[in-house]
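Heads up, the thing below is written out as structure tokens.
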Number of protein chains: 2
Amino acid sequence: MTALSTKVEIFYDVISPYSWLAFEVLCRYRSHWDMKLVLRPCYLGGIMKESGNRPPMMVPSKGLYMNKDLIRNANYYQVPLKLMEDPFTVMVERGSLRAQRFLTAIDLYFPEHLEDVSRSLWTRVWSKEEDIVDNESLFLAAKNAKMLDSAIEKCLKLLNEAAVKETLKKTTEEVVEHGAFGAPTIIIHTNSGPEMFFGSDRFPLIAEIMKQTWKGPLPDFKSNL
Amino acid sequence: MTALSTKVEIFYDVISPYSWLAFEVLCRYRSHWDMKLVLRPCYLGGIMKESGNRPPMMVPSKGLYMNKDLIRNANYYQVPLKLMEDPFTVMVERGSLRAQRFLTAIDLYFPEHLEDVSRSLWTRVWSKEEDIVDNESLFLAAKNAKMLDSAIEKCLKLLNEAAVKETLKKTTEEVVEHGAFGAPTIIIHTNSGPEMFFGSDRFPLIAEIMKQTWKGPLPDFKSNL
């Protein structure tokens, strides 16, 4: 990474499975692309509301296809994502507001833990179908990511503080202003301005715009070809 | 292509720009992948109605993004697609029912012309913003694709015949039964059954399932690497 590295922001919510795929790919490419990767937890519910978008599963055949597509992509990207048995309860009823506030607090006070706790929350909700709403769940996710108990307790106490709520709201508004209608939303800050990409399937195009090389989903492994 | 070549069907509508991209990619890969490619003109309006899906441009920020995404992908795939000045009139008011019936008639009686006339219609509507509804427009598209005048006249006369209408309706029902909710819909007939893919961005996964190699959007050009 140099002073002229391209700034790349990924706006994500741990309730979004495609966000997990894109997050892992970008983390892998930190050592391959000349970029400054910035992790931006935001609130998907807010993006959907602001943009007037609705979840793909509202169209039944789209929901069925998405399940297949997720598993295919999880294999392709080598991310241990599994389908949920009860997506409605997890995604709609329980949601991700508390998880994203927790990540926002971590980003504000212990940013060095943001990547690992994000991954830990995804592993809970999208690999083990474990809760990510209750304090105990958030505590365990952060504990697994090697945060100190005192730091975790501090972040849990901050969940309902205005500073945390406002920061999450502002981050969400910021990505909506970039034109977001879902997650992940990836912003590539090129010399001629920000370029917005949606989803986890535009990496060949992102590489092109960054003048970097797309080496497939596993850049650290040598191909057998 | 061998007797054991994988059958690959692309269900498309010339009103769908992403269908054009996928169509060109699959045509290019005919000489690279061991497949029997089958072109299946269907009616996107029917798929949307049957599946309860709605066009992406109904969400304003999604529509704006799609315009950017289309141009990026047109460059990446090297397809001369341009944005329309008046997509509402062209896509919603004028639509593609007559164009798809015309392609259905060609598929039934002059299938050797199906690929070129499809491309010719896409070039009219998605590159030159020319009409694809009036008889004269359909005639010119087919003429450009080197069909004989007598053959074109025959297909134009067949547009309102039950045989053509019914075939298009059945093809559309067939792809909806495969789980389609838009276009392009690509069916890979693997040994263990049909696998459905939506869109023009799943070729690395399609290659994997077919045990073929994805060589990027331009397999006929040698890379500079």
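Would you mind stating whether B:Leu168 is closer than 30 Å to A:Lys62 by Cα, assigned to a helix (DSSP H, G or I) and open to solvent by less than 10 Å² (accessible area, probe 1.4 Å)? Reasoning before the result, please.
Details: closer than 30 Å to A:Lys62 by Cα: yes; assigned to a helix (DSSP H, G or I): yes; open to solvent by less than 10 Å² (accessible area, probe 1.4 Å): yes.
So B:Leu168 passes the test.
Counting only residues that are touching a Phe, Trp or Tyr at 6+ places or on another chain (Cβ under 8 Å) and within 12 Å of chain A (Cβ to nearest Cβ), how many does segment B:66-91 have? So that I can check it myself, show each step before the final result.
Residues of segment B:66-91 that are touching a Phe, Trp or Tyr at 6+ places or on another chain (Cβ under 8 Å), as a first pass: B:69-70, B:73, B:79, B:81-82, B:84.
So of that shortlist, the ones also within 12 Å of chain A (Cβ to nearest Cβ) come out as B:69-70, B:73.
Count: 3.
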Problem set entry | Looking only at segment B:48-65, and only at residues there that are in contact (Cβ under 8 Å) with a residue 24 or more places away in the chain and of a type in the set (A, V, I, L, M), the one that is nearest to the other protein chains (Cβ to nearest Cβ) | B:Met48
Exercise. Being open to solvent by 10 Å² or more (accessible area, probe 1.4 Å), at pLDDT 95 or above, out of contact with any Asp or Glu (no Cβ under 9 Å at 6 or more places or on another chain) and of a type outside the set (Asp, Glu), is that true of even one residue in segment A:19-29?
Worked result: no
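Please verify whether A:Leu108 is under 21 Å from A:Asp201 (Cβ atoms) and open to solvent by 40 Å² or more (accessible area, probe 1.4 Å), treating the condition exactly as stated. Let's see the steps before the verdict.
Working: under 21 Å from A:Asp201 (Cβ atoms): no; open to solvent by 40 Å² or more (accessible area, probe 1.4 Å): yes.
No.
How many residues does segment A:192-221 contain that are away from every other protein chain (no Cβ under 11 Å) and surrounded by 17 or more Cβ atoms within 10 Å (Cβ to Cβ)? Write out each step before concluding.
Just the residues of segment A:192-221 that are away from every other protein chain (no Cβ under 11 Å), to begin with: A:192-194, A:210-212, A:218-221.
Right, trim to surrounded by 17 or more Cβ atoms within 10 Å (Cβ to Cβ) and you get A:210.
So the answer is 1.
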Seminar exercise, completed: Taking first residues from segment B:205-220 that are under 13 Å from B:Glu24 (Cβ atoms) and second residues anywhere that are hydrophobic (A, V, I, L, M, F, W, C), the pairs with Cβ under 8 Å that are 6 or more apart or on different chains are B:Pro217/B:Val25
Exercise. Only one of these conditions is not met by B:Thr89: (1) open to solvent by 10 Å² or more (accessible area, probe 1.4 Å); (2) under 20 Å from B:Leu158 (Cβ atoms). Which number is it?
Worked result: (2)
For this session: Give me the pairs, please: first residue somewhere in segment A:177-201 and part of a loop (DSSP other than H, G, I, E, B), second residue anywhere and of a type in the set (Asp, Glu), beta-carbon distance under 6 Å, and either six or more positions apart or on two chains.
Result: A:Ala183/A:Asp13; A:Asp201/B:Asp201
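The values are calculated or read from the model by the stated rules, or taken from the named source; none is laboratory data. Here the structure is a predicted model, which means the values were calculated and not measured. Please note: Cβ atoms are built from the backbone with ideal geometry, for glycine as well, and neighbour counts cover all protein chains shown. Note: areas computed on protein heavy atoms with side chains; ligands, DNA, RNA excluded. Shrake-Rupley method; radii C 1.70, N 1.55, O 1.52, S 1.80 Å.
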